[in-house]
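Below is one structure; the comments refer to it alone.
The values are calculated or read from the model by the stated rules, or taken from the named source; none is laboratory data. Source: prediction; values computed, not measured. Heads up, the Cβs are rebuilt from the backbone with ideal geometry, glycines too, and the neighbour counts pull from every protein chain shown. Quick note on the areas: whole protein, heavy atoms, side chains included, nothing else; ligands and nucleic acids left out. Shrake-Rupley method; radii C 1.70, N 1.55, O 1.52, S 1.80 Å.
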Amino acid sequence: MGKVFIVGAGPGDVDLITVKGLKCIQQADVILYDRLINKELLEYAKPNAELIFVGKLPKLHGVIQDRIHQLLVQYASQGKIVTRLKGGDPFVFGRGAEEAEVLVEAGIPFEVVPGITAGIAAPAYAGIPVTHRYFGSSFAIVTGHMREGKDDDIHWKGLAESVDTLAIYMGVGNLPYITEQLLKYKRDPQTPVALIHWGTTKQQKTIVGTLNTIVDIAHELKIQNPSMIIIGEVVKMRGKIAWFEQSSKVLQEISV
């Protein structure tokens with residue numbers, strides 16, 4: 001019997017993978033990797049390692065996920081070391097728990113290797129701390145992608161009233177709905193909002209607005225996924241500590 005390592009590859013910057021995660025890549029006989037991982041990480045694989053792309057496409061998530069489960073069981077049952085390489089952290093909107101459950105049912109040994117999640121890393125690279133002594137003492141990670149055909153079960157009222165900083169994943173397509181819900185539950189229309197596109201990479205682009213303006217700004221500038229949405233007073237810190245942009249000179253800020 002082989003073994004499966006469910007590994008978080010981090011948010012995009014190749015240097016942000018953990019030491020253990022890198023070892024799992026180097027030792028793997030088979031690597032199943034997602035669409036949003038930094039492909040440079042695959043250069044650390046063994047020359048004879050089998051690299052299998054299992055990135056998901058719209059409308060095909062369920063089909064592809066079932067195939068991933070089959071491949072994990074198949075290769076591990078052949079006695080191979082399998083690294084399942086996922087963007088960010090495998091247990092933060094990464095379906096890592098579903099894959100671990102399948103492995104348990106199949107009697108296959110596995111380990112979970114946490115990764116740095118984009119909800120913390122992308123704002124950090126944009127000069128936005130998710131907590132701050134003066135601006136935010138609470139922080140919530142929220143999905144902005146509602147399951148197709150399912151009612152929205154996100155507690156927007158509690159998020160609007162009780163959480164200082166919101167980090168919303170996969171939400172650009174639903175940005176009008178998200179802002180509508182927060183405003184409906186009396187979140188200040190002037191609350192700062194940042195959209196961080198391709199966070200931690202050379203393609204990173206950050207735009208800043210408010211709950212009242214961010215939808216129009218995002219539409220005008222054609223911001224798409226992958227992007228993190230950060231909502232809260234902490235966004236104000238960006239003007240002072242946007243270190244990545246200042247040091248690399250490869251990013252463009254558009255602030256309204």
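Kindly list the residues of segment 14-51 that lie in the label zone of residue 67, defined by a backbone N under 14 Å from the point 7 Å along the Cα-to-C-beta vector.
From segment 14-51, the list is 32-35.
Just to check I understand the Karplus step: with θ = phi - 60° and J = 6.51 cos²θ - 1.76 cosθ + 1.60, what whole-Hz values come out for segment 95-109, glycine and proline as x?
Values, residue by residue: 6, x, 5, 5, 5, 5, 4, 4, 5, 4, 5, 8, x, 9, x Hz.
Once phi is turned into ³J(HN,Hα) by the Karplus curve 6.51 cos²θ - 1.76 cosθ + 1.60 with θ = phi - 60°, what whole-Hz value does each residue of segment 197-212 show in order, with x for glycine and proline?
Result, ordered by residue: 9, 6, x, 6, 10, 5, 8, 4, 9, 10, 10, 10, x, 10, 4, 6 Hz.
Could you state the accessible area per residue of the chain in Å², with a 1.4 Å probe and every protein chain left in place?
Working: 12870 Å² over 256 residues.
Spelled out: the 1.4 Å probe surface of the chain, per residue, equals 50 Å².
As an exercise, use a Förster radius of 30 Å and the Cβ-Cβ distance of residue 50 and residue 105 to find the FRET efficiency, rounded to the nearest 0.05. If you can, show how the numbers build up before the last one.
Numbers: r = 24 Å, r/R0 = 0.79.
Between residue 50 and residue 105 the formula returns 0.80.
Could you work out the longest stretch of the chain that avoids the chymotrypsin sites (Phe, Trp or Tyr not before Pro) located in DSSP loops with at most 15 other Cβ atoms within 10 Å? If you can, show how the numbers build up before the last one.
On the way: sites that count: 134, 185.
Within the chain, the longest run free of exposed chymotrypsin sites (Phe, Trp or Tyr not before Pro) spans 1-133.
Run the reach check for residue 46 against aspartates and glutamates, Cα to Cα strictly under 12 Å, same-chain hits fewer than 8 apart removed. What comes back?
29
May I ask which residue of 100, 122, 185 lies farthest towards the positive end of the charge dipole of segment 98-191, with charges of +1 (Lys, Arg) and -1 (Asp, Glu) on Cβ and the Cα centre as origin?
Highest projection toward the positive end goes to 185.
Among the lysines, which have Cα under 30 Å from the Cα of residue 240 when same-chain residues fewer than 8 positions away are ignored?
Output for residue 240: 186, 202, 205, 222, 249.
Rounded if a/c is under 1.5, else prolate if a/b is larger than b/c, else oblate: which is segment 12-117, with a ≥ b ≥ c the root eigenvalues of its Cα gyration tensor?
On the way: a/c = 1.41, a/b = 1.13, b/c = 1.24.
Rounded, since a/c falls under 1.5.
Can you say what percent of the DSSP beta bridges in the chain, counting only those with both residues inside, are antiparallel? Round to 5.
Details: 16 of 42 bridges.
Here the share of antiparallel DSSP bridges comes out near 40 percent.
Relative to the Cα centre, what is the charge dipole magnitude of the chain, using +1 at the beta carbon of each Lys and Arg, -1 at the beta carbon of each Asp and Glu, and rounding to the nearest 20 debye? Before the final figure, lay out each step's value.
Values: 27 positive and 27 negative charges, 75 e Å.
With Lys and Arg at +1 and Asp and Glu at -1, about 360 debye.
What are the residues whose amide H is under 5 Å from the amide H of residue 87, where those residues sit 5 or more places off or on another chain and H is modelled from the backbone?
Here 9, 34, 36, 37 satisfy the definition.
Compute the length gained on full extension between residue 180 and residue 220: take 0.36 nm times their separation in residues and subtract their Cα-Cα distance, giving the result in nm to one decimal.
Details: separation 40, 0.36 × 40 = 14.40 nm, distance 1.84 nm.
Extra length from residue 180 to residue 220 when fully extended: 12.6 nm.
Using only DSSP helix segments of four residues or longer, with each worth -39500 (n - 2.57), what per-residue ellipticity at 222 nm results for the chain after dividing by its residue count and rounding to 500?
Values: 9 runs with 80 residues, N = 256.
About -9000 deg cm²/dmol.
Could you check how much of the accessible area of the chain is carbon and sulfur, as a whole percent, using a 1.4 Å probe? Don't skip to the answer; put the middle values down first.
Details: 6880 of 12870 Å².
Carbon and sulfur atoms account for 53 percent of the accessible area of the chain.
For the chain, what is the Kirkwood hydrodynamic radius in Å, using each pair of distinct C-alpha atoms? Let's see the in-between values first.
Values: mean 1/r = 0.0520 Å⁻¹.
About 19.2 Å, per the Kirkwood formula over Cα pairs.
Hey, got the dipole for segment 122-203? About the Cα centre, +1 on K and R Cβ, -1 on D and E Cβ, debye to the nearest 20?
Working: 8 positive and 8 negative charges, 43 e Å.
So the magnitude is around 200 debye.
Quick one: 3J(HN,Hα) in Hz for segment 168-180, Karplus 6.51/-1.76/1.60 with θ = phi - 60°, rounded, Gly and Pro as x.
Using θ = phi - 60°, the values come out as 10, 8, 6, x, 4, x, 10, 4, x, 5, 4, 5, 4 Hz.
Below 17 Å, Cα to Cα, which lysines can residue 56 reach? Residues fewer than 8 away in the same chain don't count.
Within the straight-line cut-off, residue 56 pairs with 39, 86.
Report the residue, chosen from 64, 214, 141, that carries the largest GNM mean-square fluctuation when the chain is represented by alpha-carbon nodes joined by springs under 10 Å.
Maximum among the listed residues: 64.
What is the gain in length, in nm to one decimal, between residue 42 and residue 188 on full extension, counting 0.36 nm per residue of separation less the C-alpha to C-alpha distance? Show your work: numbers first, answer last.
On the way: separation 146, 0.36 × 146 = 52.56 nm, distance 4.46 nm.
Extending this stretch completely gives an extra 48.1 nm.
How much length is gained on full extension from residue 74 to residue 212, taking 0.36 nm per residue of separation minus their Cα-Cα distance? Intermediate values should be presented prior to the final figure.
Details: separation 138, 0.36 × 138 = 49.68 nm, distance 5.06 nm.
Taking 0.36 nm per residue and subtracting the Cα distance, the gain is 44.6 nm.
For segment 82-168, give the magnitude of the charge dipole about the Cα centre (Cβ charges: +1 Lys/Arg, -1 Asp/Glu; no others), in debye to the nearest 20.
Details: 7 positive and 12 negative charges, 69 e Å.
Using only the charged Cβ atoms, the result is roughly 320 debye.
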